[in-house]
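Here is the structure we will look at, set down as structure tokens.
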Amino acid sequence: MVIAVILLGIAVIWQRESGTRREELGLDMAPGIDEPGPVKEYSCDCEPEEILTPEMMQLAESQFQAGEPSGPTEALELFWQMEIADPSGQTEIIEPTGRIDIVVDTVDRTLTVFSDGRPYRKFPVAVGKSSTPSPPGQWQVVSKGAWSGGFGTRWLGLNMPWGKYGIHGTNKPWQIGDLVSAGCIRMLNHDVELIHDWIPIGTQVVIIGNCFGPLRNPRREIGPGERGPDVLAVQKRLKMLGFDPGAQDGMYEQSTIDAVKEFQKGHSMRITGVVTDEVYDALGLFLFE
């Protein structure tokens, strides 16, 4: 209860000081968390874990500002360190003037902004869990927005065809540096606010470093209606082996199902149209640590 009250107080002050406003600036790629079906599974799920009623927020803020309770936890100490000391290592940052590219390293948990091909500024980030990894590959920024709540204060949407992923802020700054998201890239709010103004629509974003490649750990069964980078990996491998999966778009639809059935038939497997561990292995899609 004590820790909950402290964290609620932080959330209140964090949101008030950031002065967020809900405004969409680009294409309609806003984070979708209430959509039915498989899209929800592969979209960012970074909403607050509990609903803060006005009464709860008022109580938490009054107790926090009054200094009750005392004794900060390790998470609170980390929070204040990140707020007092700019993790980017400088007090004033000049906007880069060259062509902007972004590289996200999911092993180091960093986001690096490049200007004309040279590293310009590096930021700490949180990335996807091993069960929902940040999709590796080369993407583009297709939308920009100002948000609030679990998405922090800014949103940079990426053009992943199987779900709504992006780079955004967070209301849980103590998780920066960890593997915690459903695939999105989380930044400290003051960092994402900074780069949001630098990044034009169309900016290239390269995500690297996932030791499992496009696969989840553990590998999941893939059936009709599923979407994700693992589906795309299956489609590409089927195509390479001479089976036509249709569009290679990360969506497990009828043409891909039919290709999997043909693959299963050709390898004397039970014909189900579902990608199981047996199918992964036969396709040569293994997990490597």
### Query
Distance in nm between label sites at residue 254 and residue 99, each 7 Å beyond Cα in the beta-carbon direction?
4.2 nm
### Message
Among the listed pairs 122/164; 236/265; 144/164; 129/164; 122/172, which have their C-alpha atoms separated by more than 22 angstrom in this model?
### Response
122/164
## Note on the structure
Calc'd 3J(HN,Hα), the range 130-136, phi into Karplus 6.51 cos²θ - 1.76 cosθ + 1.60 (θ = phi - 60°), Hz, glycine/Pro = x, comes to 5, 7, 9, x, 5, x, x
### Summary
Lys and Arg at +1, Asp and Glu at -1: neighbours of residue 256 with Cβ under 13 Å from its Cβ sum to -2
### Task
Can you tell me the dipole magnitude for the range 211-289 around its Cα centre, using point charges on the Cβ only (Lys, Arg +1; Asp, Glu -1), in Debye to the nearest 20?
40 debye
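Subtracting the Cα-Cα distance from 0.36 nm times the residue separation, let me have the gained length for residue 286 to residue 129 in nm, one decimal.
Details: separation 157, 0.36 × 157 = 56.52 nm, distance 1.81 nm.
Difference between extended and current length: 54.7 nm.
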#### Entry: Cα-based Rg / Dmax (Å) for the range 211-289
11.2, 32
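Within 10 Å, count the other beta carbons around each residue, average over each peptide in 158-166, 180-188, and list them highest first.
On the way: 158-166: 22.2, 180-188: 24.7.
Top of the packing list down: 180-188, 158-166.
FYI, it's all coordinate maths here, none of it is from the lab. Since the model is a prediction, treat every value here as computed from it, not as a measurement. Cβ sites come from the backbone with ideal geometry, for glycine too, and all protein chains shown count toward neighbours.
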